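In what follows, a single structure is set out as structure tokens and then discussed.
The values are calculated or read from the model by the stated rules, or taken from the named source; none is laboratory data. What you see is a predicted model, and the numbers here were worked out from it, not measured in a lab. Every residue, glycine as well, gets a Cβ built from its backbone with ideal geometry; the counts of neighbours run over all protein chains shown.
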């Protein structure tokens, strides 16, 4: 039987295939595509992309797994934060120029990983595309929460590859998490660091009610403007860490004890 929590939730997922994405291959994402949609069987999904093949496959998988689907066709260049990516790229180049020669991706530091893998490992165009997607997550979630095409009470961004976490992290079945507080954002833990400090959250799943998401979007915008004055390859999780630092009471870490 489909969970009442699942039926009263709208999930947002987006995917824009990138041939030379150094983080994950196209094959990796294709392997997880159906598995990720199957996780929300019986639920509601808003899907964003500009790739006809990806949209067609998503439509077929949604029908197969009884997922109500609403598709929004949108290009990366039309995402909210994409126009700001040239500035972020330049800051990231400056960050890398100051790195010691022995800097390693094994450090677990977001900035070092992003510079060595995502900047040096690909083109400027791909860097700006990938980071434009990451930084637009919250604005897109706010957009679909306000549109509320499925008339639900809660909303969540989930990564296209969210199935990679099945059985691998605490309380991995996000369908069973009750976003009961209307002023809070629910999230998972992160193992990553920024400048030696562990980040408080992972952005693969961000869950909340409309008021909390509206607050997060506005607060994230302000934090992102500040991030664009820092010589660092900030992604959405490092910006969210700044938001979290100043608003801890508005964030709730998802744990096994919360399974409804």
When you look at residue 28, is it in contact with a strand residue (DSSP E or B) (Cβ under 6 Å, 6 or more places away or on another chain) and at pLDDT 90 or above, yes or no?
no
Test: residue in segment 234-254 that is in contact with a helix residue (DSSP H, G or I) (Cβ under 6 Å, 6 or more places away or on another chain), surrounded by 19 or more Cβ atoms within 10 Å (Cβ to Cβ) and part of a loop (DSSP other than H, G, I, E, B)
yes
Filter result (over 23 Å from the mean Cα position of the chain (by Cα) and crowded, with 16+ Cβ neighbours inside 10 Å) within segment 94-130:
95, 96, 103
Answer yes or no as to whether residue 49 is surrounded by 14 or more Cβ atoms within 10 Å (Cβ to Cβ) and within 30 Å of residue 119 (Cβ to Cβ).
yes
